[in-house]
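What follows is a single structure, written as structure tokens, with notes after it.
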């Protein structure tokens, strides 16, 4: 497949973002119209993923702009267009648009587990026939794959949007942790399945989704490394600390409740404080320990 050259890719991504903002369209809305993940579009806009000619034409059609205009827009023209507050959208959690079968499967897998849920049980839960489910999904494994794809797409675009607001390593870690904590409280059913049912995935999908999960950890690792390099963070054990922070966030679905004494946003800010304290490498009243 033909693609935009490496030299053009970053500028095309910037132009794509500018055209989208001019249109008043969010990253998620554009992704939905194109049938791709918001994470993929985010990577294109930030120059981390190439753009095929076919996808360039698709973007242009949705945005109502000539493909040649996306290729010719100068960096000055593109960056002069302000983003109307879109980064804050990662803190908003409107209801997910998913079909009734998938929603029923999410509830069932949380309550009885993947292996404890039969297609007949699922059909009875959502009030359709078993053939009615098979009309949309080939088997139970496809339901699980779709759930985990939705989970990783939602989580990834939120983290990528959050970290764009960072100005140093410390702020990037804080924003990533906030995004992780908010996701694992607002979408705790998806998060719970993501943590408990990875072992139920089969074949290539297991490897693919494991890779997406690993990328989230690597993103946090890189933010910690950035903070150590710029002096805003200090720890002798960056990898252990980053994994402890990630595990702290992924455990939230096990205990957080909407009717609990603290809200999701309050918990997220507390977790940011915990994470930064973990990366300060200090004991009360003492200087930071040398590595």
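The values are calculated or read from the model by the stated rules, or taken from the named source; none is laboratory data. Keep in mind that this is a model prediction, so the values were computed, not measured. Because the Cβ atoms are built from the backbone with ideal geometry, glycine has one as well, and the counts that use them run over all protein chains shown.
Does residue 249 satisfy the condition of being outside any helix (DSSP H, G or I) and surrounded by 12 or more Cβ atoms within 10 Å (Cβ to Cβ)? Here the answer is no, as residue 249 does not meet what is asked.
Entry remark, segment 178-218: residues being touching a helix residue (DSSP H, G or I) at 6+ places or on another chain (Cβ under 6 Å), surrounded by fewer than 18 Cβ atoms within 10 Å (Cβ to Cβ) and more than 25 Å from residue 109 (Cα to Cα) number 0 in total.
For segment 46-64: of the residues being in a helix (DSSP H, G or I) and modelled with pLDDT of 80 or more, which is surrounded by the most Cβ atoms within 10 Å (Cβ to Cβ)?
Restricting to residues being in a helix (DSSP H, G or I) and modelled with pLDDT of 80 or more, the top hit is 59.
The rows are residues; the columns are (1) surrounded by 17 or more Cβ atoms within 10 Å (Cβ to Cβ); (2) more than 24 Å from the chain's Cα centre (by Cα); (3) within 23 Å of residue 203 (Cα to Cα).
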position	(1), (2), (3)
98	no, no, no
106	yes, no, yes
110	yes, no, yes
118	no, yes, yes
136	no, yes, yes
141	no, no, yes
